[in-house]
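Participant: Got a structure for you, written out below as structure tokens; questions coming shortly.
The values are calculated or read from the model by the stated rules, or taken from the named source; none is laboratory data. Predicted model only: the values in this text are computed from it and were never measured. Quick reminder, even Gly has a Cβ in these numbers, built from the backbone with ideal geometry, and neighbours come from all protein chains shown.
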Amino acid sequence: MIKRRDLLVGGGAATAAYLAGSFMPLVAQNAPNFGAPSVVQVGYRKQKVGDMEVIALNDGVVRRPLQAEFVRNAPLDQVQDLLRSQNLPTDYVDVPFTPFLIVAGNRRVLLDTGFADNGAPTTGRLVANLNAAGFKVEDIDTVVISHHHGDHINGLRTKAGQLVFPKAKIMVPAVEHAFWMDDARMAAAPEGMKGAFQNVRRVFGGLGADQLVQFQAGQEIAPGITTAAAYGHTPGMVTVTAQSKGEKFVYLADLTNVPSLFARNPDFAVVFDMNPEEARQTRRRVFEAVVNDKAMAGGFHFPFPAFGRIEKLGQGYDFKPVA
């Protein structure tokens, strides 16, 4: 098993996968020859969770070819068979990006950020959908980052470096932040991965201690909003749970990049998982807990409206979106 401290430094499968095509190009650019993906016309959806309101805010979608490296531990024809059984395309996958806003009393807590103007033309729609849902960027008092991959953090700043949510406290998982901000690890990383480390510095650089706040997995972010460790996809990824009046919403972040594949078969290893075995164990543990708790679940890469229920299906799980 690849240890978290060795990722991107000592070689191994995770490094090889990233060097084959780093995370950002794989998800931020549309695939040629497959047409443009459909962008949802109404890019927000509101859902009550007790006294709280959870709002899915679509930031857009990209289309990428389905190639053999996408699922690292299964042959392409097996992956295509699973998609075909769900009447889905077998030569490409559409990857949506959906942050969530939790409205709890006078708190406005945004979970992840999308791309702002740093991604493909079919991305960067978060602010417009936030406005359509009745909020402004100045209304956001807290941004909680699940992990430091570019599609989750780049929406904090424009290309010009301006903060998109100027009044927000930005909260990051301490384990995740320590990994990406380790200068020795960045120096020892292969050239193909240095850009990922540098991007973290571009996004978070210059933020004072009063604005950039680190938290430990398991910590309460705001009343009724807690975090939990979900390591494997990255060294320090967290999920976020909002609970009110006996109802629960769990933000799964990148527990699965494509639920029609990695929820249906949680043992599949997506190219983006930095520690595939740890990610597999986390995926099964968290999905099982969501099912047992009968919680509403939302995923950053789930098809819009990006939240609904998780149900057991054979040896895996099925995502049932809200109506």
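Participant: Taking segment 289-310 as the region of interest, how many residues are touching a residue at least 60 places away in the same chain (Cβ under 8 Å) and either more than 21 Å from Tyr44 (Cβ to Cβ) or surrounded by 24 or more Cβ atoms within 10 Å (Cβ to Cβ) (or both)?
Facilitator: Of the residues in segment 289-310, 7 are touching a residue at least 60 places away in the same chain (Cβ under 8 Å) and either more than 21 Å from Tyr44 (Cβ to Cβ) or surrounded by 24 or more Cβ atoms within 10 Å (Cβ to Cβ) (or both).
Participant: Hey, any hits in segment 50-69 for a residue that's in a loop (DSSP other than H, G, I, E, B), at pLDDT below 95 and among the basic types (Lys, Arg)?
Facilitator: no
Participant: Suppose we filter segment 32-66 for residues that are farther than 16 Å from Gly114 by Cα, free of Cβ contacts under 8 Å to residues at least 60 places away in the same chain and surrounded by 15 or more Cβ atoms within 10 Å (Cβ to Cβ); how many remain?
Facilitator: Residues in segment 32-66 being farther than 16 Å from Gly114 by Cα, free of Cβ contacts under 8 Å to residues at least 60 places away in the same chain and surrounded by 15 or more Cβ atoms within 10 Å (Cβ to Cβ): 4 in total.
Participant: For residues that are touching a residue at least 12 places away in the same chain (Cβ under 8 Å) and surrounded by fewer than 21 Cβ atoms within 10 Å (Cβ to Cβ), scanning just segment 277-288, find the one that is farthest from Ile102 (Cα to Cα).
Facilitator: Out of the qualifying residues, it is Glu277.
Here's the yes/no breakdown for (1) of a type outside the set (A, V, I, L, M); (2) surrounded by fewer than 23 Cβ atoms within 10 Å (Cβ to Cβ); (3) in a loop (DSSP other than H, G, I, E, B):
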| site | (1), (2), (3) |
| --- | --- |
| Val109 | no, no, no |
| Thr113 | yes, no, yes |
| Val127 | no, yes, no |
| Leu130 | no, no, no |
| Glu138 | yes, yes, no |
| Ser146 | yes, no, yes |
| Ile153 | no, no, no |
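Participant: Is it the case that Leu255 is assigned to a loop (DSSP other than H, G, I, E, B), crowded, with 21+ Cβ neighbours inside 10 Å and touching a strand residue (DSSP E or B) at 6+ places or on another chain (Cβ under 9 Å)?
Facilitator: Yes; evaluated as a whole, the condition is true for this residue.
Participant: Could you check, for segment 199-208, whether at least one of its residues is touching a residue at least 12 places away in the same chain (Cβ under 8 Å), closer than 23 Å to Val250 by Cα and either crowded, with 17+ Cβ neighbours inside 10 Å or in contact with a Lys or Arg (Cβ under 8 Å, 6 or more places away or on another chain) (or both)?
Facilitator: Within segment 199-208 (the criterion being touching a residue at least 12 places away in the same chain (Cβ under 8 Å), closer than 23 Å to Val250 by Cα and either crowded, with 17+ Cβ neighbours inside 10 Å or in contact with a Lys or Arg (Cβ under 8 Å, 6 or more places away or on another chain) (or both)), the answer is no, since none of the residues qualifies.
Participant: Among the residues of segment 116-126, is there at least one that is at pLDDT 95 or above and over 30 Å from Leu66 (Cβ atoms)?
Facilitator: Within segment 116-126 (the criterion being at pLDDT 95 or above and over 30 Å from Leu66 (Cβ atoms)), the answer is no, since none of the residues qualifies.
Participant: Are any residues in segment 157-179 buried (at least 23 other Cβ atoms within 10 Å of the Cβ) and either among the basic types (Lys, Arg) or under 21 Å from Asn257 (Cα atoms) (or both), and if so, which ones?
Facilitator: Val172, Pro173, Glu176, listed by residue number.
Participant: Within the bounds of segment 288-296, is there any residue that is out of contact with any Asp or Glu (no Cβ under 8 Å at 6 or more places or on another chain), under 21 Å from Val54 (Cα atoms), assigned to a helix (DSSP H, G or I) and among the β-branched types (Val, Ile, Thr)?
Facilitator: yes
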